[in-house]
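First comes the structure, then the notes that go with it.
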Amino acid sequence: MSQPSKAAANSFGKRNGRAAALDRIFTGLVWGIGALVILFICGLLFLLLKNGLPKLTWDFLYGLPSEIEEGGGIGPALFNSFYLLFISLVISIPLGMAAGIYLAEFAPDNRLIGLIRICVEGLSSVPSIIFGLFGIALFVEMFQIGLTILGGAVSLAFLNLPVLTRVTEESIRSVPVELKNASFALGSTHLQTIRRVLIPVALSGIVTGICLTAGRAFGESAVIILTAGVTTSGEMWDFNLFSPGETLAVHLWYVQSEAIVPDAQEIAQKATSVLIFVVLLINLVFRVPLWFNSRKTKG
Amino acid sequence: MKKWIKSVSAIALAVSLMAGVTSAASAASTLKGKIVINGSSALLPLTLQAASEFKKQNPKVKISASAAGSITGPQSVRKGIADIGAVDWDASKDVPGFKKFDGQVANPVAVTVFAAVANKNVKVDSLTTKQLQDIFSGKVTNWKDVGGDDAEIVVVNRKFGSGTRVNFQMKALEGKELMSKGDNYKEVGSSGDMKTTIETTPNSIGYIDLPYVTDKMKAMKINNVAPTEKNVLNGSYKVWGIGYFMTKGEPTGATKAFIEYIQSSKFQNGSLKKLKFIPLSAVKK
Amino acid sequence: MLDLNASAQAAAPAELGQSIRGGSGPAFDRKARLRWSNSIFRVACIASAVFVCLVLLCILFLMFRTGVLTFQNVSFREFFFSADWDPENDRYGALIFIFGTVALTLLTLVISVPFSVVIAVFLAEVTPSWLRNILRPVLDLLVGIPSVVYGFLGLTVLIPLLRDLTGNELADGLLAAAIVLTIMVLPTISRISDDAISAVPKKYRDASYALGSNRFQTIVRVVLPAARSGILYAVILGMARAIGETMAVVMVIGNTAQMPSSLFTPTAVLTSNIVMQISSVEFDSTWNYALYLMGFLLLVISLLMIVAVRFLQKRGARES
């Protein structure tokens, strides 16, 4: 990309002196701000990781939390985090994507749909605590199942639906119309076009959306505190959907705001670095199919 | 890994021993049920510890606890969505800001002590009740007026509805109004936030439960009495309160057993003391 | 980008042949199956869309039904135009929080949008690809850090820093909250804008360069306008998150119901007030209703802002 611009700047150097200067200033500015922000992010990550990462041990990741003595672990909370995230994604990804596809491909272009679209966008600004209260009204009061993993996961899925729906819609809309026409011209049906052309091309955007929501869901605490509680069942590998489901982010909140254990600060630091690592992991897991996809489409 | 296996086998051993040795425990271990606890976050560490010990004895009882704020406790009980509502005051009586909850029984579980705390840079060591009232109502705004340096006082308050706030207002300020506005005034949502804010803000004053007091902050003497366990026990330090588990009517079944476990002298003199709460039996009412 | 449909092309001829053959008899069930799966898929999409709307409507309904009860005891005028919030003495003026939310959101956008768009351009157009492949996941990482951690950092690092810089006793307030929010929405806005910029077909850029534009001109006049819809969507999403963020804001804004006289006066916004008080008031009190109404109001404010942004976009599109 930089080759043609240099050539352009040279051959029209005299005539476009001002533009060339602007170009240089602009490039410098972008690099400067880019470098600044990268430095800032690295600093931030360093700040978050430096106290926690060196002290991480397997016992901490695997162990049971303790209220009195030092050395409590985060085992059940970590497990619950994954379990809850998994369930909530299983619910929200198909629903969100299908709704997004509907809005992008099938929905008539009228006022009502426009209104719905704006409402969906607006709902991503509703504070998560409201979703938590909705979860309480639904699961604790209506279905009477108490504070459970199931309630937490479904409430979390609701929280993520608006963003997933809109990201899917936006990514599918940004697929060039030529590709779609070409697919139709080859005799594909609408479903085939969506499955074989639109989704693969829009996948990068959709995966970004999923990563963003998964990361947010993993770090969400307000909803879980209200709907899944601040306790775990106290044992590892508890797949029961009706167990209380404290997640790592909730544990972090608890340790930071109320816990009396002497090493609360250290647990918080370690839990933070574990969280960052897990989010990295989630990103990798979702991006691997993307790499395969791009290899496939390039080759 | 090894430690984990060890601790699990130790737990299993302890459970089987308990079940085998005492008939009372074996009777309790057949106890079934589900206990939902909600309410005060200050009592949460106690609840969690008691829950994990209780579950070891009674594996068939499921306990799920959450915390949002003291008042949530009795309200959830009234609505029927929680079996136990943890609250930092006796919710079957009226307190400043909150009406009593009819038909609920207050089961005392622990004594908590509250301390006025200030940033390390504050030179004042002791405040009288009058001075505290003036500071927290915004009448006195400079440390020099209470014997300190010439510096603005930064008042840090807990949010409305906090059990610590209700108790501190009742016991330390003798029911006087708290301020709610000002350039050097802020409210925080939890004990942890209070701790961090006091530790990092010069010239700040606030109040906190005794277990959270660290050596990075200064615990004020009130009327020249230091907030220590000893002074509470001998009756000279008055700023303490009792934490309650509210139930709808007298507790029954698993809920009853759980409350009895917390009130038992084994728990009161063991884990509860280690968590820096004070056993119920130790204080004179 | 264009060679993406290579796979579709490879698969398509066979299918095309089959569906032609399908029309003539023996393979008829394949055509029927195609039609079936098409309509089932369509129905599934519609059903999910309806379900999503239903859930969202339920939440709207919950907030509205509870919130509207406020007006049994509080006049419309008092709630919206009085800055006196003192529920303990039955005074429910929410103007401070409405003002705070709008001011905080605008301040956050003013700081974060320029930065985010520059970062997006940096990622999509300027950096070498190896750096890009490292930076994108790193930015995604920042989204996943729980807001409690951001709040804690704000409380322990940012506020002491601001206090030293300004000489205030307390530095809690709009500016501290806006900076924390900027860090939180930066990855959202820049990553989605980045995707939008990358999705601009290469031929646009080629055409621009062929006409003799340099990189600056190409990016500002061709690429950014072409990616405008996506960037705008990113801004809306970031804005929505900024409006609705609670846990981090609560820790740095000061939570005091007073009109801010400067950027460093402790104040409160709708979200911080909701999250601080909703768990500490009685269920069936006017106070509780007022908090639900504030939740509903939050939605209305963000809808208004979204409509405003869309309106600006439309006007911009007409001008260009």
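Select from the stretch A:76-124 the residues that are closer than 30 Å to B:F54 by Cα and either surrounded by fewer than 21 Cβ atoms within 10 Å (Cβ to Cβ) or not small (G, A, S) (or both) and list them in ascending order. Listed by number, the residues that qualify are A:P76, A:L78, A:F79, A:N80, A:F82, A:Y83, A:L84, A:L85, A:I87.
When B:K93 is tested against (1) surrounded by 17 or more Cβ atoms within 10 Å (Cβ to Cβ); (2) modelled with pLDDT of 85 or more; (3) over 21 Å from A:V255 (Cα atoms); (4) not β-branched (V, I, T), only condition (1) is not met. Within the stretch C:45-101, being part of a helix (DSSP H, G or I) and at positive phi holds for no residue. The requirement of being aliphatic (A, V, I, L, M), assigned by TED's automatic domain parsing to the domain that holds A:I87, assigned to a helix (DSSP H, G or I) and buried (at least 24 other Cβ atoms within 10 Å of the Cβ) is fulfilled nowhere in the stretch A:168-188; no residue meets it. Selection of the stretch C:177-224 for residues being touching a Pro at 6+ places or on another chain (Cβ under 7 Å) and assigned to a helix (DSSP H, G or I) yields only C:Y209. Against the numbered list (1) away from every other protein chain (no Cβ under 14 Å); (2) at negative phi; (3) of a type outside the set (S, T, N, Q); (4) out of contact with any strand residue (DSSP E or B) (no Cβ under 6 Å at 6 or more places or on another chain), B:F168 comes up short only at (4). As for the stretch B:151-159, it holds no residue that is away from chain C (no Cβ under 12 Å) and farther than 20 Å from B:P74 by Cα. Screening B:G270 on (1) among the small types (G, A, S); (2) farther than 20 Å from B:S64 by Cα; (3) away from every other protein chain (no Cβ under 14 Å) shows it passes everything except condition (3). Within the stretch B:53-64, one or more residues are assigned to a strand (DSSP E or B) and free of Cβ contacts under 8 Å to residues at least 40 places away in the same chain. The set of residues in the stretch A:238-259 being more than 16 Å from A:L61 (Cβ to Cβ) and either crowded, with 24+ Cβ neighbours inside 10 Å or facing chain B (nearest Cβ under 7 Å) (or both) consists of A:S243, A:P244, A:G245, A:V250, A:W253, A:Y254, A:Q256, A:S257, A:E258, A:A259. When the stretch B:96-123 is filtered for residues that are modelled with pLDDT of 90 or more, in a loop (DSSP other than H, G, I, E, B) and either in contact with a Pro (Cβ under 8 Å, 6 or more places away or on another chain) or crowded, with 19+ Cβ neighbours inside 10 Å (or both), the ones remaining, listed by number, are B:N121, B:V122.
Filtered by the rule that a residue be in contact (Cβ under 8 Å) with a residue 60 or more places away in the chain, surrounded by fewer than 24 Cβ atoms within 10 Å (Cβ to Cβ) and within 14 Å of chain A (Cβ to nearest Cβ), the stretch B:201-214 gives B:L210, B:P211, B:V213.
For A:A214, indicate whether it is more than 10 Å from chain C (Cβ to nearest Cβ), part of a helix (DSSP H, G or I) and among the small types (G, A, S). In short, no. Taken over the stretch C:154-176, residues that are in contact (Cβ under 8 Å) with a residue 12 or more places away in the chain, facing another protein chain (nearest Cβ under 10 Å) and part of a helix (DSSP H, G or I) amount to 2. When C:P187 is tested against (1) touching a residue at least 60 places away in the same chain (Cβ under 8 Å); (2) on the phi < 0 side of the Ramachandran plot, only condition (1) is not met. Selection of helices (runs of 4 or more DSSP H) fully inside the stretch C:225-289 by the criterion of at least 1 residues being more than 9 Å from chain B (Cβ to nearest Cβ) and among the hydroxyl-bearing types (S, T, Y) returns C:228-244, C:270-277. Does the stretch A:151-172 contain at least one residue that is more than 8 Å from every other protein chain (Cβ to nearest Cβ), over 27 Å from C:A248 (Cβ atoms) and not hydroxyl-bearing (S, T, Y)? Within the stretch A:151-172 (the criterion being more than 8 Å from every other protein chain (Cβ to nearest Cβ), over 27 Å from C:A248 (Cβ atoms) and not hydroxyl-bearing (S, T, Y)), the answer is yes, since at least one residue qualifies.
The residues in the stretch B:69-84 that are in contact (Cβ under 8 Å) with a residue 12 or more places away in the chain and surrounded by fewer than 24 Cβ atoms within 10 Å (Cβ to Cβ) can be counted, and the count is 3. Of everything in the stretch A:136-150, what is surrounded by fewer than 24 Cβ atoms within 10 Å (Cβ to Cβ) and more than 9 Å from every other protein chain (Cβ to nearest Cβ)? Give them in sequence order. The answer is A:F139, A:M142, A:F143, A:I145, A:L150.
If you go through the stretch A:46-67 and pick out every residue that is of a type in the set (A, V, I, L, M, F, W, C), in a loop (DSSP other than H, G, I, E, B) and in contact with a Lys or Arg (Cβ under 8 Å, 6 or more places away or on another chain), you end up with 1.
This table checks each residue for (1) farther than 30 Å from C:K314 by Cβ; (2) touching a helix residue (DSSP H, G or I) at 6+ places or on another chain (Cβ under 6 Å); (3) at pLDDT below 85.
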site: C:L181; (1), (2), (3): no, yes, no
site: C:L186; (1), (2), (3): no, yes, no
site: C:S190; (1), (2), (3): no, yes, no
site: C:V200; (1), (2), (3): no, yes, no
site: C:Y204; (1), (2), (3): no, yes, no
site: C:T246; (1), (2), (3): yes, yes, yes
site: C:T267; (1), (2), (3): yes, yes, no
site: C:S279; (1), (2), (3): yes, yes, yes
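The residue pairs whose first member lies in the stretch A:96-124 and is outside any helix (DSSP H, G or I), whose second member is surrounded by fewer than 19 Cβ atoms within 10 Å (Cβ to Cβ), and whose beta carbons are closer than 7 Å, counting only pairs six or more residues apart or on different chains, are A:A107/A:I113.
For C:F64, the conditions (1) touching a residue at least 12 places away in the same chain (Cβ under 8 Å); (2) at the interface with another protein chain (Cβ under 7 Å from one of its Cβ atoms); (3) aromatic (F, W, Y) are fulfilled apart from (2). Filter the stretch C:296-308 down to residues that are over 14 Å from C:G100 (Cα atoms) and more than 13 Å from the chain's Cα centre (by Cα) and give me whichever is surrounded by the most Cβ atoms within 10 Å (Cβ to Cβ). Looking at residues that are over 14 Å from C:G100 (Cα atoms) and more than 13 Å from the chain's Cα centre (by Cα), I get C:F296.
Residue-by-condition table, conditions (1) more than 17 Å from A:F82 (Cβ to Cβ); (2) in contact with a helix residue (DSSP H, G or I) (Cβ under 6 Å, 6 or more places away or on another chain); (3) at pLDDT 80 or above:
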| site | (1), (2), (3) |
| --- | --- |
| A:F218 | no, yes, yes |
| A:V223 | no, yes, yes |
| A:L226 | yes, yes, yes |
| A:T247 | no, yes, yes |
| A:Y254 | yes, no, yes |
| A:A268 | yes, yes, yes |
| A:V274 | no, no, yes |
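Remark: B:P211 matches the filter, which requires a residue to be closer than 24 Å to B:D90 by Cβ, in a helix (DSSP H, G or I) and outside the structural domain of B:S41 (by TED's automatic domain parsing).
Given the structure, is B:I5 at pLDDT below 85, under 27 Å from A:W237 (Cα atoms) and within 13 Å of chain A (Cβ to nearest Cβ)?
So B:I5 fits the description; yes.
The values are calculated or read from the model by the stated rules, or taken from the named source; none is laboratory data. These numbers come from a predicted model, not from an experiment. All Cβ positions, glycine included, derive from the backbone under ideal geometry; neighbour counts span all protein chains shown.
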